[in-house]
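**Student:** First, the structure itself, so that you have it in front of you.
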Ligand SMILES: Cc1cc2nc3c(=O)[nH]c(=O)nc-3n(C[C@H](O)[C@H](O)[C@H](O)COP(=O)(O)OP(=O)(O)OC[C@H]3O[C@@H](n4cnc5c(N)ncnc54)[C@H](O)[C@@H]3O)c2cc1C
Ligand code: SF4
Ligand code: SF4
């Protein structure tokens, strides 16, 4: 199988990207796809391992290793190499309900534990996945499943993020009558109103939603369950209710002045930016010529930096409370690497502002505002971790002018007010579950169950939740 010497003959290639100065002029995807010959060559690097760690879906020290969906990676790599793209796609769709989402935004857990990465660069699995799904749409290999035999059971799925969508699809494919409720004006959850357009263009989500509608799933938007429609009403109509509402409570900033105008939460900022972009109206949070500080150092913070530089911010600074990660990976294969990485948004800011915009072991001490409650600056300070606690380092305070402080410090779970409106009990924002089950007819999946995670994990969780319901009615 495969080209036995592909991994020796060809080096890994990454897709080319538009140069920073050009791509920050808009919010479009900036990756340039491979041509067919290169795509096949890259697929031929796969060694078709006897034990393919790439698809293993393991947990090592409670961290995901290998593709959580157990995608049949060596098989479709081989078929791409042979030029049998439709056959390759058929293998992909067996396990992956939405490869166009993961092919764009997954951190490629498969590649991190690819055997080839032990002493060379991993196989470009994610690029192969995206290639296949785009070929499938282009060549009409995807069509809505019709004439599904219905079993008469009605299910409400609350939330249209990746976990809600994968749960709805699995149930619908198995004959259930599924209605998805979404509080926003567009479907997709954080795929739509979190992850920025340059990382996942929004027509890609709409294309999939249209397909799911054609397959029979009913979608209702602008409807918040718990307030616009009460739980009692849903319980009367549906046999089961699946909550896939994500994490609604962001971790807040506790410091003097944090009620100032100009303090915004990352997801609000990213949501409004995408919404304004799609609706073609002025940005609600317009960062042009503003001094911006992003508080947090994860993927969300990175997306905020990328969005700020596209909005022509005057300056962008990222404050991270943790230590600077090591330059060399400290975790052995097959773990996901632990080392400093410079993601696309920080890279763009570093290029435009001509310096590394990150400061480690730093946080905001106080927000300085004018008499109208507008933020004008912040005092920042250096901190360190001592016995698991954050401790200030004396005499490190520094004043920085700041018009917008974007809070990207993660999420706590389900907010108390939301839990109350769902008639669900939480303990420190977390719902206590038996497997996916809260109560006889109430299920929970995705980030709402696991805490903030990844798109691929949410998709897998939605499928597993659906399987529990399917099992119940067997
Ligand atoms: C800025 C940002 C960038 C990210 N980037 C990546 C990335 O690049 N790669 C990756 O793998 N992961 C990424 N993630 C994480 C990933 O987006 C989430 O793990 C994933 O979306 C969780 O899916 P979910 O379906 O559980 O919840 P969500 O995507 O949060 O969807 C929940 C949905 O439920 C709706 N809802 C909530 N309450 C109600 C209600 N009462 N009634 C009706 N609807 C309701 C919400 O409006 C929302 O649409 C990112 C997260 C953020 C915040
Ligand atoms: S979903 Fe993610 S982990 Fe799985 S094959 Fe695709 S890129 Fe790899
Ligand atoms: S681990 Fe890497 S080389 Fe081995 S089968 Fe998977 S993708 Fe191919």
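**Student:** Of the residues that sit in the range 437-474 and are touching a residue at least 60 places away in the same chain (Cβ under 8 Å), more than 14 Å from the chain's Cα centre (by Cα) and part of a loop (DSSP other than H, G, I, E, B), which one is farthest from residue 107 (Cα to Cα)?
**Tutor:** That would be 473.
**Student:** Select, from 176, 131, 187, the only residue that is in the same structural domain as residue 92 (by TED's automatic domain parsing) and crowded, with 21+ Cβ neighbours inside 10 Å. Quick ask: steps written out before the conclusion?
**Tutor:** Details: 176 fails: in the same structural domain as residue 92 (by TED's automatic domain parsing); 187 fails: in the same structural domain as residue 92 (by TED's automatic domain parsing).
The match here is 131.
**Student:** So, one more: Quick one: residue 396 ticks every box in (1) in a loop (DSSP other than H, G, I, E, B); (2) out of contact with any strand residue (DSSP E or B) (no Cβ under 7 Å at 6 or more places or on another chain); (3) not assigned by TED's automatic domain parsing to the domain that holds residue 188 bar one, so which box is it?
**Tutor:** All conditions are met except number (2).
**Student:** Follow-up question, since we're still on this one. Looking only at the range 190-197, decide whether some residue is under 20 Å from residue 69 (Cβ atoms), crowded, with 23+ Cβ neighbours inside 10 Å and in contact with a strand residue (DSSP E or B) (Cβ under 6 Å, 6 or more places away or on another chain).
**Tutor:** From the range 190-197, those under 20 Å from residue 69 (Cβ atoms) are 190-191, 195; that's our starting set.
Checking which are crowded, with 23+ Cβ neighbours inside 10 Å leaves us with 191, 195.
Subset that is in contact with a strand residue (DSSP E or B) (Cβ under 6 Å, 6 or more places away or on another chain): none.
No, every residue in the range 190-197 fails to be under 20 Å from residue 69 (Cβ atoms), crowded, with 23+ Cβ neighbours inside 10 Å and in contact with a strand residue (DSSP E or B) (Cβ under 6 Å, 6 or more places away or on another chain).
**Student:** From the list 108, 96, 112, pick out the single residue that is surrounded by 14 or more Cβ atoms within 10 Å (Cβ to Cβ), within 16 Å of ligand 1 (Cβ to nearest atom) and at positive phi. Lay out the reasoning, then the answer.
**Tutor:** Working: 96 fails: at positive phi; 112 fails: at positive phi.
Every option except 108 fails the conditions.
**Student:** Hey, another quick one. In the range 20-39, how many residues are crowded, with 19+ Cβ neighbours inside 10 Å and either within 16 Å of ligand 1 (Cβ to nearest atom) or in a helix (DSSP H, G or I) (or both)?
**Tutor:** Counting residues in the range 20-39 that are crowded, with 19+ Cβ neighbours inside 10 Å and either within 16 Å of ligand 1 (Cβ to nearest atom) or in a helix (DSSP H, G or I) (or both) gives 4.
**Student:** A follow-up question, please. Give the range 160-190 a look and list any residue that's assigned to a loop (DSSP other than H, G, I, E, B) and either touching a helix residue (DSSP H, G or I) at 6+ places or on another chain (Cβ under 6 Å) or closer than 19 Å to residue 224 by Cβ (or both), or say none.
**Tutor:** Restricting attention to the range 160-190, the residues satisfying the condition of being assigned to a loop (DSSP other than H, G, I, E, B) are 160-161, 174-176, 182-189.
Passing the criteria: 160, 161, 174, 182, 183, 184, 185, 186, 187, 188, 189.
**Student:** Among the residues of the range 194-213, is there at least one that is farther than 30 Å from residue 366 by Cα and over 22 Å from the mean Cα position of the chain (by Cα)? Steps first, please.
**Tutor:** Initial filter on the range 194-213 (farther than 30 Å from residue 366 by Cα): 197-213.
Filter once more, so that each one left must be over 22 Å from the mean Cα position of the chain (by Cα): 213.
Yes; the residues of the range 194-213 include at least one that is farther than 30 Å from residue 366 by Cα and over 22 Å from the mean Cα position of the chain (by Cα).
**Student:** Could you please find all residues in the range 78-104 being under 19 Å from residue 459 (Cα atoms) and either near ligand 2 (Cβ under 9 Å from one of its atoms) or outside any helix (DSSP H, G or I) (or both)? Spell out the reasoning first.
**Tutor:** To start, the set of residues in the range 78-104 that are under 19 Å from residue 459 (Cα atoms) comprises 89-104.
Correct list: 92, 94, 95, 96, 97, 98, 99, 101, 102, 103.
**Student:** Right, next: For the subset of the range 405-446 comprising residues that are touching a helix residue (DSSP H, G or I) at 6+ places or on another chain (Cβ under 6 Å) and under 30 Å from residue 93 (Cα atoms), which member is modelled with the lowest pLDDT?
**Tutor:** 436
**Student:** I've got another one for you. Conditions first: (1) surrounded by fewer than 18 Cβ atoms within 10 Å (Cβ to Cβ); (2) within 16 Å of ligand 2 (Cβ to nearest atom); (3) not assigned by TED's automatic domain parsing to the domain that holds residue 69. Residue 201 passes all but one, so which condition is the exception?
**Tutor:** Failed condition: (2).
The values are calculated or read from the model by the stated rules, or taken from the named source; none is laboratory data. None of these values were measured; they are calculated from a predicted model. Cβ sites come from the backbone with ideal geometry, for glycine too, and all protein chains shown count toward neighbours.
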